[in-house]
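The values are calculated or read from the model by the stated rules, or taken from the named source; none is laboratory data. In this text the structure is predicted, and so the values were computed from the model without any measurement. Cβ placement follows ideal geometry from the backbone for every residue including glycine, while neighbour counts extend to all protein chains displayed. For the accessible areas, the whole protein counts, side chains as well, though only heavy atoms, and no ligand, DNA or RNA atoms are used. Shrake-Rupley method; radii C 1.70, N 1.55, O 1.52, S 1.80 Å.
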Amino acid sequence: MKPSTDLTTTLQQMLAQCQPLYTQGKVADYIPALAQVDGRQAAVAVATLDGQVFSAGAAEQNFSLQSISKIFGLVMAMNRLGDELWQRVNMEPSGQPFNSIVQLEWEKGIPRNPVINAGAILVADVLVSHYSASKTAFLTFLRRLTGVEAIYADPLVYQSELEHGNRNAALAYLMKSFGNIEAEVPQVLEHYFHQCATAINCKQLAQSLLFLANRGVQPGCNEQICSRRDAHRVNAILSTSGMYDQSGEFAFKVGLPAKSGVGGAIVAIVPQFGVITAWSPPLNRFGNSVVAMQLISQLAEELGLSLF
Ligand code: DON
């Protein structure tokens, strides 16, 4: 599918139509630093495999990457550990909220998938155990993918997560009690919070994930970021679990591998075409941005992007 040059106009119109939806969501406040963000902001960007980037709204405004960071962590862990990773984390949808604890107890410390919090903390353990400086390695990976050196974790968000991360600590200690966490829990949590606190914008995020739409090869630099098989696997996990317990509805309505974060962003992968990102802080009850959901749904419908 070729994007038309008036895609920018389409994006601007969609963004304008979404204005009334701001009030239907609530900005995340369980991490106090996120509650400071102005909820009346929105942006959308489309990066295509041929190097174009279309956008509308505040597409260069930084937001907190949050759970979308789980994609990058997962790719790094898959590259380091290979198939061994899948003995420690499953690839099934959880049907539970992203920070649920009960399932982890039933399933003996093996997280349902790598994009719920328990799974991402497990992945953080792999990174901490296999890199001498995992936080720097994570940022270096993002800088390589975006070509932007100025990508950092927001220190206020990081601190806020450290101070209010008791539930994530509970998940980590529970997995440790089952022998599924190797490193010391505080170190694992520091890595996890640090990657979640990464600040990025819609244009950068869309460009950073193009390799998932291109069988593992990052266009532009032409680097093989992960194997074709792993790109396929990550997209499969995002299709079934990326939108948490709204993943079924998202597949039904939109039909693209996608991932949301409580910073208000959603990224959707369109194989052989490109990546769509949308951002607006107010969230629905599942933790997915109301406006970003609408923008991506409408665009996928308009351009006929569903994979199904
Ligand atoms: O651990 C947390 O709860 C946050 N740092 C990330 C959660 C998140 O983004 C869930 N996404 N919808």
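Remarks
- Selection within the range 78-102: residues that are farther than 29 Å from PRO32 by Cα and open to solvent by less than 60 Å² (accessible area, probe 1.4 Å). The member of this set that is farthest from the ligand (Cβ to nearest atom) is GLY82.
- From the list ALA300, ALA292, ALA265, the lone residue that is over 16 Å from ILE71 (Cα atoms), surrounded by 24 or more Cβ atoms within 10 Å (Cβ to Cβ) and either aliphatic (A, V, I, L, M) or in contact with a Pro (Cβ under 6 Å, 6 or more places away or on another chain) (or both) is ALA292.
- Test: residue in the range 39-52 that is within 16 Å of the ligand (Cβ to nearest atom), aliphatic (A, V, I, L, M) and crowded, with 18+ Cβ neighbours inside 10 Å: no
- The range 12-35, subset under 21 Å from the mean Cα position of the chain (by Cα) and open to solvent by 80 Å² or more (accessible area, probe 1.4 Å), residue nearest to the ligand (Cβ to nearest atom): TYR30
- Per this entry, GLN187 is counted among residues that are of a type outside the set (A, V, I, L, M) and either under 18 Å from ASN99 (Cα atoms) or open to solvent by 10 Å² or more (accessible area, probe 1.4 Å) (or both).
- Among the residues of the range 58-77, those identified as touching a residue at least 60 places away in the same chain (Cβ under 8 Å), touching a helix residue (DSSP H, G or I) at 6+ places or on another chain (Cβ under 7 Å), more than 16 Å from the ligand (Cβ to nearest atom) and not β-branched (Val, Ile, Thr) are ALA59, GLU60, MET76.
- For the range 251-285, a residue qualifies if it is farther than 18 Å from THR198 by Cβ, within 16 Å of the ligand (Cβ to nearest atom) and among the polar types (S, T, N, Q), and the qualifying residues are SER280, ASN284.
For every residue, the table says whether it meets (1) within 12 Å of the ligand (Cβ to nearest atom); (2) surrounded by fewer than 23 Cβ atoms within 10 Å (Cβ to Cβ).
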residue: VAL115; (1), (2): yes, no
residue: ALA133; (1), (2): no, yes
residue: TYR152; (1), (2): no, yes
residue: GLU163; (1), (2): no, yes
residue: MET175; (1), (2): no, no
residue: TYR192; (1), (2): yes, no
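- Only one entry in GLN195, GLN207 is in contact with a Gly (Cβ under 9 Å, 6 or more places away or on another chain), under 17 Å from ALA43 (Cβ atoms) and polar (S, T, N, Q), namely GLN207.
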